[in-house]
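Novice: Handing you this structure, nothing more for now.
The values are calculated or read from the model by the stated rules, or taken from the named source; none is laboratory data. Predicted model, so just to flag it, every value in this text is computed and none were measured. All Cβ positions, even for glycine, are placed from backbone atoms using ideal geometry, and neighbour counts span all protein chains on display.
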Amino acid sequence: MADEQPVLYEVEQGVATITLNRPARRNALTPAMLQALHAHVVQAGAAADVRAVLITGAGKGFCAGQDLSIFDGTIEPEAKRALVYDTVLNLYRPLIESICGLEKPVIAAVNGVAAGAGASLALACDLRILADDASILLAFSNIGLVPDAGASWFLTRLVGYSRAYAIAISGERVTAAHCLELGLANRVTATNALLADAQQWAQALAQRPTIALGLTKRVMQQATQQDLRAILVAEAELQAHAAMTADHREGLAAFAEKRTPRFTGR
Ligand code: T3D
């Protein structure tokens, strides 16, 4: 049964693929799924053999956001307020923080629609490849809610305030082509090639110097929030760290020997 394992995890050629697996509900997120997804992100971060991560959805959609069936009309207003607050703070927040704090490249392979918190999930990833019929939908306003799970933070940084606000309040899908134009997608590919292309991209990144890629993620995230002086200091510290890695030594040796480097992620 699909719901018995609502999130799948497999590792191949240095890439952990995490698949949301409730296709009949467009991979709408239940508390159990959010916990499993978070656990797999942490697992991928800790695994030495994982050097890139891919998040995708089974079936026709990437993720429809929060499973709305929990709001069945019987829940008392105060219990609902507490449930929503608890879900956003204690289920979505750790998940999003884990993705952003995971010092390996995380790619979202967006098949179909990424809606609501599903859009947030895609935007929290470092890189996005979209199927040509995929879309990103800030569905929150369609049901009278506000962006959550980091959507307001990521979207404003990716496309600027005014475009982000327009997308959020329109409640309309942003097509893959438009996502590419706006910088919300790094790549767009044919639907039937999505997973293969995403795997190929992730596997190529998994051959790169993993520690340097992770430290680059850290400093570039810091750069969106700190001033130049702080970043110049952070770069000095992280460069000193990177300069001590086996992959740096291998990079130098490969350069001197005029050959392709064989990075090991150490
Ligand atoms: O705690 C809190 O709640 C706060 C946190 C909020 C975070 C959020 O994510 S709020 C936003 C929640 N998401 C949405 O509002 C999106 C709702 N869904 C849609 O707008 C559409 O379903 C989609 C655009 C995602 C997909 O459209 P389409 O035409 O491809 O598929 P569909 O036919 O609408 O959906 C297929 C099935 O999935 C359908 O069930 P059925 O009729 O076949 O039995 C549909 O009801 C179900 N489904 C889709 N989205 C959800 C869902 N079931 C539960 N929750 C969903 N979010």
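Novice: Among residues belonging to segment 119-166 that are of a type in the set (Gly, Ala, Ser) and within 7 Å of the ligand (Cβ to nearest atom), point out the one that is surrounded by the most Cβ atoms within 10 Å (Cβ to Cβ).
Specialist: 149
Novice: Can I ask one more? Within segment 166-209, can you find the residues that are assigned to a loop (DSSP other than H, G, I, E, B) and among the aliphatic types (A, V, I, L, M)?
Specialist: Matches in segment 166-209: 184, 185, 190.
Novice: Going through 116, 73, 65 one at a time, which residue ends up being among the small types (Gly, Ala, Ser), surrounded by fewer than 24 Cβ atoms within 10 Å (Cβ to Cβ) and over 29 Å from residue 208 (Cα atoms)?
Specialist: Selected residue: 73, the only one of 116, 73, 65 that is among the small types (Gly, Ala, Ser), surrounded by fewer than 24 Cβ atoms within 10 Å (Cβ to Cβ) and over 29 Å from residue 208 (Cα atoms).
Novice: Please find, within segment 31-68, the residue that is farthest from the ligand (Cβ to nearest atom) out of those that are of a type in the set (Gly, Ala, Ser) and touching a helix residue (DSSP H, G or I) at 6+ places or on another chain (Cβ under 8 Å).
Specialist: 52
Each row is one residue, and each column tells you yes or no for (1) without any contact (Cβ under 8 Å) to a residue 40 or more places away in the chain; (2) outside any strand (DSSP E or B); (3) closer than 23 Å to residue 97 by Cα.
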site: 130; (1), (2), (3): no, no, yes
site: 136; (1), (2), (3): no, no, yes
site: 141; (1), (2), (3): yes, yes, no
site: 146; (1), (2), (3): yes, yes, yes
site: 153; (1), (2), (3): yes, yes, yes
site: 164; (1), (2), (3): yes, yes, yes
site: 220; (1), (2), (3): yes, yes, yes
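Novice: Would you mind telling me which numbered condition in (1) assigned to a helix (DSSP H, G or I); (2) free of Cβ contacts under 8 Å to residues at least 60 places away in the same chain; (3) touching a Cys at 6+ places or on another chain (Cβ under 7 Å) residue 118 fails?
Specialist: (2)
Novice: Next question, about the same structure. If I filter segment 102-112 for residues that are more than 9 Å from the ligand (Cβ to nearest atom), more than 19 Å from residue 23 (Cβ to Cβ) and surrounded by fewer than 23 Cβ atoms within 10 Å (Cβ to Cβ), do I get at least one hit?
Specialist: For segment 102-112, residues more than 9 Å from the ligand (Cβ to nearest atom), more than 19 Å from residue 23 (Cβ to Cβ) and surrounded by fewer than 23 Cβ atoms within 10 Å (Cβ to Cβ): present.
Novice: Considering segment 67-122 alone, what residues qualify as being of a type in the set (Ser, Thr, Tyr) and either touching a Ser or Thr at 6+ places or on another chain (Cβ under 6 Å) or modelled with pLDDT under 95 (or both)?
Specialist: 69, 74, listed by residue number.
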